[in-house]
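This report concerns only the one structure given below.
The values are calculated or read from the model by the stated rules, or taken from the named source; none is laboratory data. Small disclaimer: the values here were computed from a predicted structure and weren't measured. Methodologically, a virtual Cβ is constructed for each residue, glycine included, from the backbone with ideal geometry; neighbour enumeration extends over all protein chains shown.
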Amino acid sequence: MEVLDPVWGVPVDTEKTPFKVEMWGRTYYSVDEQHMRRFVEGQRVAYFSMEIGLRNDIPTYSGGLGVLAGDTIRSGADLKIPMVAVTLVNRMGYFRQVVSETGEQLEYPDPWDPSEFMRELPDTVEVRIGERVVRVKTWVYDYQSPAGSLTPILFLDTDVEGNTDEDRQIASYLYGGDDIYRLKQAIVLGIGGVRMLDALNFNVLKYHMNEGQSSLLAMELLRRNGMDANKTRDRCVFTTHTPVAAAFFSFPYETVRELLGDEFDLEKIRVFAGKDRFNMTALALSLSTYVNGVARAHMESSTRLFPGYHIRAITNGVHPYTWTSQPFRELFDRHFSGWANEPELLVRIDTVPHEDVRSAHMSTKAALMQYINEKTDADLDVNTLTIGFARRVTAYKRAALLFSDLNRLKKVLRRGPIQIVMAGKAHPEDEQGKELIRDLYTFKEKLRGSIDVVFLENYDIDLAKRLTSGVDVWLNTPLPPYEASGTSGMKAAFNGVVNFSVLDGWWVEGWMEGDTGWAIGPAPDAPIDVEDRRAMELDDLYNKLEYLIIPKFYNEKDNWATIMRNSIGKVASHFNTHRMMRRYASEAYL
């Protein structure tokens, strides 16, 4: 039987190789002793994230942060960057969304069984939570790149015999419960995660915190280093994804003291986590030698929020192969051998005939239309300009901006028909987000007979793949500067889908007006009040749709295909996690 070498990804004959080792609940085989020693003893980057989106049937993610974490792991393995990832098992998932005919979001648990996908290890570690000692175990999932190395992912779990019923539920619900519950989860992830890596004999070079929920790992390292901040910083990397101070995780010190007891000197920790409240983002910032935002604009806003810190910018990306539809994979394979590992080769897309690009897109679009028409009562047409909008439903994403003036929206039909496909979940506690979904259903009914509007429930990884590859235009309308980066438009670009977006997050860098897509409204730092900004955005939204996008789609087929090629060659070739991970490896890890 052949398996892949865990370091280089080359085939290994398990019957012939003498180089094998039993660890983490399985046998690993290698081509030679050097590779095996490197796999067992070599240094790794430990990547911590509260959520990781690997596949649809492991629902341990809520949206962009978790999906990005999954893409980070995939690209790291493709590029043979030695890593180990740490997250929570979240046995009950985020939630399964059902939407009623009137737009009421209903939430149901989304349970899954880790034993179907990964191995339970016998090792346990202990963390102090309140007056109790909580035991933590782990499940290990091996992500093996088809062309690269193997990255183990640890899913921490408190459903351990001997823990109280309450403590056994700590790793059950992603972003569930109250602040106390979320702080308990942060203790398990950060402190428990570091201890589990030690228990499993991982040789950690750097600890990479993906957002502030992981930052208690830095506090654990600080304690071990005798409160030596410099030694701790040398080991820590922090990526912040939050553009506004109100969204940072923070807790009263009294609450932190109740849960952590006297194991940590919180008076000394105040120097790093904040004088008045225990701020997890401030803790990570203070104890990391490398800090970055996830887009250039986000770096600038983060620097304003935290003056005095050196914050870099590494713009997010998406995993090339994962987010490219099968027709485009086949197209790229024919023209750019090795593109999946060297996505920069896609800059040569101009050599591919327009008809080949159109044909690949129409195959993907036809599959989406068939899926929607079978799932809903819609009758969408494959030849109609299709606008896609799908992301977390919350106020600043402004899912309803397109419907601000229904009469004006209907007037765009003078240039040609359009149809709109939407999806997204509102957090169970976000009543404003739930109201937005109800509003979308109201607009859908008001537009019935003129514009088909479809809202697809339970937005997840599989649905995201269908939508970002099958629509013609990807719409994004966040309120600047609240979009730290965003990645859905990058996924769309790999499939020749054209972006039409507010200038915020990554689009500030990817936008070339009329070349890679179109902008909505002024730049995020334009000196303009909220009302004037909204007026300019609505003017752009309706006017560009009517006078530029619709006519070009229907009447200038070759020009439209050129923009599709530009989405691939000028956007996808750069905004991918291979480029992102090379930046992390050269700037943050080494």
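Quick notes on this structure:
- Candidates Met23, Met50, filtered to the one that is in contact with a helix residue (DSSP H, G or I) (Cβ under 6 Å, 6 or more places away or on another chain), more than 30 Å from Tyr441 (Cβ to Cβ) and either without any contact (Cβ under 8 Å) to a residue 12 or more places away in the chain or outside the structural domain of Glu429 (by TED's automatic domain parsing) (or both): Met50
- For segment 198-220, the count of residues that are under 20 Å from Glu254 (Cβ atoms), acidic (Asp, Glu) and in contact (Cβ under 8 Å) with a residue 24 or more places away in the chain is zero.
- The one condition in (1) at pLDDT 95 or above; (2) over 30 Å from Ile52 (Cβ atoms) that Ile461 fails to fulfil: (2)
- Residue in segment 404-418 that is assigned to a loop (DSSP other than H, G, I, E, B), at pLDDT below 95 and farther than 29 Å from Ala366 by Cβ present: no
- Output for segment 359-403, where each listed residue is farther than 26 Å from Asn543 by Cβ, charged (D, E, K, R) and not in a helix (DSSP H, G or I): Asp377, Asp379, Arg392
- Residue within segment 176-184 that is of a type in the set (Lys, Arg) and closer than 19 Å to Asp110 by Cβ present: yes
- Residue within segment 87-103 that is assigned to a strand (DSSP E or B), hydroxyl-bearing (Ser, Thr, Tyr), surrounded by 22 or more Cβ atoms within 10 Å (Cβ to Cβ) and out of contact with any helix residue (DSSP H, G or I) (no Cβ under 6 Å at 6 or more places or on another chain) present: yes
- Segment 154-179: number of residues that are among the hydrophobic types (A, V, I, L, M, F, W, C) and modelled with pLDDT under 95: 1
- Note on segment 24-75: residues that are farther than 18 Å from Asp157 by Cβ, hydrophobic (A, V, I, L, M, F, W, C) and in a loop (DSSP other than H, G, I, E, B) amount to 1.
- Residues (under 30 Å from Ala585 (Cα atoms) and either aliphatic (A, V, I, L, M) or surrounded by fewer than 19 Cβ atoms within 10 Å (Cβ to Cβ) (or both)) located in segment 249-269: Ile269
- Taken together, the criteria exclude Lys231 from residues that are among the charged types (D, E, K, R), surrounded by fewer than 24 Cβ atoms within 10 Å (Cβ to Cβ) and within 30 Å of Trp506 (Cβ to Cβ).
- Qualifying residue in segment 455-464 (condition: buried (at least 20 other Cβ atoms within 10 Å of the Cβ), touching a helix residue (DSSP H, G or I) at 6+ places or on another chain (Cβ under 7 Å), among the hydroxyl-bearing types (Ser, Thr, Tyr) and within 29 Å of Tyr108 (Cα to Cα)): no
- Of the set (1) under 26 Å from Ser586 (Cα atoms); (2) in a loop (DSSP other than H, G, I, E, B); (3) in the same structural domain as Leu541 (by TED's automatic domain parsing); (4) not acidic (Asp, Glu), all apply to Pro307 but (3).
- Residue check, Tyr141 of a type in the set (Ser, Thr, Tyr), part of a strand (DSSP E or B) and touching a residue at least 24 places away in the same chain (Cβ under 8 Å): yes
- Taken over segment 13-23, residues that are assigned to a strand (DSSP E or B) and farther than 19 Å from Pro152 by Cα amount to 1.
- Scan of segment 437-455 for residues that are in contact with a Gly (Cβ under 9 Å, 6 or more places away or on another chain) and either not basic (Lys, Arg) or not in a helix (DSSP H, G or I) (or both), ordered by number: Ile437, Asp439, Leu440, Tyr441, Thr442, Phe455
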